[in-house]
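Participant: Let me begin by handing over the structure; questions about it come next.
The values are calculated or read from the model by the stated rules, or taken from the named source; none is laboratory data. It should be emphasised that the depicted structure is a prediction, and the values quoted were computed from it without experimental measurement. Neighbour counts run over all protein chains shown; Cβ positions are idealised from the backbone, glycine included.
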Amino acid sequence: MLGLKLPTDPRWTDLAGKSIADILTDHAYCEQKATSTAISLIQNYPDFENIVESLSPIVKEEWGHFELVMDHLKKRELKLGPQRKDKYVNELQKFIRHGGSRKDSLVEKLLFSALIEARSCERFRLLSKNIADAELKSFYKNLMVSEAGHYRLFLDMACELGGKETVLNRWEEWLHHEAEIIKTLEVRGDRMH
């Protein structure tokens, strides 16, 4: 369903399970970034009414996810640690095409967001199946479903704006590029991506 060309290394889940404070901290910041990305798209593309209408609920939902992650930190008497650089996202961002029309730029940003949501969905599925903490298993299963919906929404909006065939061809390029990024990244349990 997600189309990812390279699955997450199975060692990631084991490492994440041993670094609960770190993975929850990184996850909290990922939810903050997802919220601010949706807000930024609304602010920069208010003339695309469907984007504004579709992303407004996403802003609320992503911020709600941040609050849920914070609750899990508090329950475990853990503190939100410092934000770290997200090498995955930074490398992925370099693939965004610049130039062209505003619509073309928006399509690129939607594909970028769709890919992050797809990878997050895959990682949440792994945690929901393999992490020892039963409460976090359930938490990540629920988030997996949510992220899958976000991935589809971003991809569908891109297809609507840019034409399905053209966008899906570009999506394949994104998927292959993302797989190359995953190959180069160190397997770490303290990062969501």
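Participant: Which one of these does Arg84 not meet: (1) farther than 22 Å from Trp63 by Cβ; (2) in contact (Cβ under 8 Å) with a residue 12 or more places away in the chain?
Facilitator: Every condition holds for Arg84 apart from (1).
Participant: Six or more apart or on different chains, Cβ atoms under 6 Å: show the pairs whose first residue is in the stretch 21-49 and modelled with pLDDT of 95 or more and whose second is of a type in the set (Phe, Trp, Tyr) and part of a helix (DSSP H, G or I).
Facilitator: As it stands, the answer is Ala28/Phe66; Glu31/Phe66; Gln32/Phe66; Thr35/Trp63, since those pairs meet every condition given.
Participant: Those residues that are in contact (Cβ under 8 Å) with a residue 24 or more places away in the chain and not β-branched (Val, Ile, Thr), I need them from the stretch 174-184; list them, please.
Facilitator: Trp174, Leu175, His176, His177, Glu178, Ala179, Lys183
Participant: Same structure, new question: Within the stretch 55-107, work out how many residues are in a helix (DSSP H, G or I), within 15 Å of the chain's Cα centre (by Cα) and among the charged types (D, E, K, R).
Facilitator: 4
Participant: Return a yes/no flag: does the stretch 135-143 have any residue that is part of a helix (DSSP H, G or I), farther than 25 Å from Asp9 by Cβ, modelled with pLDDT of 95 or more and of a type outside the set (Asp, Glu).
Facilitator: no
Participant: Of a type in the set (S, T, N, Q) and more than 21 Å from Ile23 (Cα to Cα): does that describe Thr184? Please lay out each step first, then the result.
Facilitator: Working: of a type in the set (S, T, N, Q): yes; more than 21 Å from Ile23 (Cα to Cα): no.
No; evaluated as a whole, the condition is false for this residue.
For every residue, the table says whether it meets (1) more than 20 Å from Ala38 (Cα to Cα); (2) surrounded by 19 or more Cβ atoms within 10 Å (Cβ to Cβ); (3) at pLDDT 95 or above.
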| site | (1), (2), (3) |
| --- | --- |
| Val145 | no, no, no |
| Met157 | no, yes, yes |
| Lys164 | yes, no, yes |
| Lys183 | yes, no, yes |
| Glu186 | yes, no, no |
| Arg191 | yes, yes, no |
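Participant: Sort out which residues of the stretch 140-167 are closer than 28 Å to His27 by Cβ, free of Cβ contacts under 8 Å to residues at least 60 places away in the same chain and not basic (Lys, Arg), and write them in order of number. It would help to see each step written out before you state the result.
Facilitator: If we filter the stretch 140-167 for residues that are closer than 28 Å to His27 by Cβ, which is where we start, we get 140-158.
Next cut, free of Cβ contacts under 8 Å to residues at least 60 places away in the same chain only: 140-142, 144-145, 147, 149, 152, 154-156, 158.
Residues satisfying the conditions are Tyr140, Asn142, Met144, Val145, Glu147, Gly149, Phe154, Leu155, Asp156, Ala158.
Participant: Of the residues that make up the stretch 87-110, is at least one surrounded by 16 or more Cβ atoms within 10 Å (Cβ to Cβ), of a type in the set (S, T, N, Q) and modelled with pLDDT of 95 or more?
Facilitator: Yes, that holds for at least one residue.
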